[in-house]
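> What follows is a structure written as structure tokens; I'll ask about it next.
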Amino acid sequence: MKTTLHMVVTLFIVGLFSGGALSLVNQATAPRIAEQERLAKEAAVLQVFVGGAKAEPLIADRDARLAAGADPATLPETYRIYDAEGRELGLAVMGQGIGFTDVIKLVLGVSPDAGEVRGLHVIKDSETPGLGTKIRPGSEFPKQFAGLEGGGHLQPPLKVIKGRRSGPNEVEAITAATISSQAVATIVNETVASLRGYLAANPAGGGI
Amino acid sequence: MSKDASAVRDLVKGLWDENPILRQLLGLCPTLAVSTSVNNSLGMGVAATFVLICSSVLISLIRGAVPKQVRIATYIVVIATFVTLVDLSMKAWFPALSASLGAFIPLIVVNCIILGRAEAFASKNGPGRSAIDALGMGAGFTATLVVLGAVRELLGAGQLMGRTVLPGFEPWIVMILPAGAFLVLGLMLGTANAVNQRRQESARRALRDAWLQKAGS
């Protein structure tokens, strides 16, 4: 009986101190973590366009419409991107989907009519280190989305191919990471389809 | 003298004689998973060492008060708390490192090295010696990870710490994959065993020679 009490009390005290320490640290770090995530997203949204300096939400009342029960697929999270002189560079739209192991989140840069891809920036992934992680910024794979060798841009819907591309709707897969390449292409296709659907339903583009 | 000597022994035994990976074969899961590059190895090693030192000291301090029936549960709660602290702090102050180590930090909770040192050392020794022991074990873990990571990064990507050092080298992709981790770790374990065997043999020979000499005279 005495031992049982001793065991229960010990575990209770250990749990109490652990819970207290965690809640203190969580309180101290939560605002910083949220801020870091916001900064990462903001930087990614601007980085999909060379010279991107300012981002403005395309759908100003998106949060309110989502809260009212609108389907998120019809309201893609999109920003108009301007350069330092205020010229519009295009739209940056957030996309996500399932990769090889877990969710891939990315920002896609497209032309103002969503006809061409202008840039790709993966924000979050859990792909295989050294293989699928080549979808991340700085590798060869995302460069195709910024512009094709010999001019022109990718035009969704995209198809993943192994080897050299022969048309503007073909993406060259990463060697030994076809599934990750395919996952990115699928996310791009779905995101562009969603954005094109929104733009077709709201010809003014503003939707305000 | 004996106190200083034993402190030094507590520290250096983790580097080779009781190296957690090469001699005790503990913590192999994170070892195989994160050692794809030197930077990942360093990050994992330093984070695990920090958790190891903090939890060893705390467990040593409360070792008299914890009934032995619930000691493992207590250790796990203490370790899990420190791991979460490290995870949150890294997310808040080192987002880049946190992004690259991602899923591996929570794995420190089940890293056998930390529970192993708590059970084998910290629960039987004072906080000072436990901290020194943890530091030595952490250093041995980190050093082994870095060597493993360097070999894999060099052969698997032609790079070291993210910089290309073998231009024009066709990377062996298998080295980045789990199979490469098993191959390199196996070779390292074999080398460590060979070195230890040779050492033991020469010690035995020295002992025999000394005995023969004594018998002869």
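> Can you give me the ranges of the helices (runs of 4 or more DSSP H) entirely in the range B:1-106 with at least 3 residues that are crowded, with 18+ Cβ neighbours inside 10 Å and facing chain A (nearest Cβ under 9 Å)?
Counting at least 3 such residues, we get B:71-93.
> Would it be correct to say that B:L22 is touching a Pro at 6+ places or on another chain (Cβ under 6 Å) and within 30 Å of B:M175 (Cα to Cα)?
In short, no.
> Could you tell me which of the residues B:R129, B:R117, B:R199, B:R205 is of a type in the set (K, R), more than 14 Å from chain A (Cβ to nearest Cβ) and touching a Leu at 6+ places or on another chain (Cβ under 8 Å)?
B:R117
> State which residue is farthest from the other protein chains (Cβ to nearest Cβ) when the search covers only the range A:1-24 and only residues that are polar (S, T, N, Q) and over 15 Å from B:V77 (Cβ atoms).
Selected residue: A:T4.
Condition check ((1) of a type in the set (V, I, T); (2) touching a Lys or Arg at 6+ places or on another chain (Cβ under 8 Å)) across all residues:
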| position | (1), (2) |
| --- | --- |
| B:I132 | yes, no |
| B:M137 | no, yes |
| B:T142 | yes, no |
| B:L154 | no, no |
| B:V165 | yes, no |
| B:L183 | no, no |
| B:T191 | yes, no |
| B:Q200 | no, no |
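> Right, another one. Would it be correct to say that A:Q47 is within 11 Å of chain B (Cβ to nearest Cβ), under 18 Å from the mean Cα position of the chain (by Cα) and closer than 30 Å to B:W93 by Cβ?
So A:Q47 fails the test.
> From the residues in the range A:95-114 that are surrounded by 14 or more Cβ atoms within 10 Å (Cβ to Cβ) and within 18 Å of A:N202 (Cβ to Cβ), which one is nearest to the chain's Cα centre (by Cα)?
Filtering the range A:95-114 for residues that are surrounded by 14 or more Cβ atoms within 10 Å (Cβ to Cβ) and within 18 Å of A:N202 (Cβ to Cβ), the one nearest to the chain's Cα centre (by Cα) comes out as A:V110.
> Condition test on A:R80, is it among the charged types (D, E, K, R) and either within 14 Å of chain B (Cβ to nearest Cβ) or surrounded by fewer than 17 Cβ atoms within 10 Å (Cβ to Cβ) (or both)?
Answer is no for this residue.
> As an exercise: evaluate B:G158 against (1) over 25 Å from B:I113 (Cβ atoms); (2) in contact with a helix residue (DSSP H, G or I) (Cβ under 7 Å, 6 or more places away or on another chain); (3) within 13 Å of another protein chain (Cβ to nearest Cβ) and give the number of the one condition it does not meet.
(2)
> Condition (residue is on the phi < 0 side of the Ramachandran plot, among the hydrophobic types (A, V, I, L, M, F, W, C), free of Cβ contacts under 8 Å to residues at least 12 places away in the same chain and out of contact with any helix residue (DSSP H, G or I) (no Cβ under 7 Å at 6 or more places or on another chain)) applied to the range B:108-115: is it met by at least one residue? First the steps, then the outcome.
Residues of the range B:108-115 on the phi < 0 side of the Ramachandran plot: B:108-115.
If we keep only those that are among the hydrophobic types (A, V, I, L, M, F, W, C) as well, we get B:108-110, B:112-115.
Then drop every residue that is not free of Cβ contacts under 8 Å to residues at least 12 places away in the same chain, which leaves none.
No, there is no match, as no residue in the range B:108-115 is on the phi < 0 side of the Ramachandran plot, among the hydrophobic types (A, V, I, L, M, F, W, C), free of Cβ contacts under 8 Å to residues at least 12 places away in the same chain and out of contact with any helix residue (DSSP H, G or I) (no Cβ under 7 Å at 6 or more places or on another chain).
> Between residues in the range A:46-57 that are part of a loop (DSSP other than H, G, I, E, B) and residues that are charged (D, E, K, R), which pairs lie under 8 Å by C-beta distance while being six or more apart or on different chains?
Taking only residues 6 or more apart or on different chains, the pairs are A:V48/A:R118; A:F49/A:D83; A:F49/A:R118; A:G51/A:D83; A:G52/A:D83; A:A53/A:D83.
Each reported figure results from applying straightforward, stated rules to the coordinates on display, with no laboratory input. Computed from a predicted model, the values in this text were never measured in an experiment. When we count neighbours, we look across all protein chains shown, and the Cβ atoms used for this are built from the backbone with ideal geometry, even at glycine.
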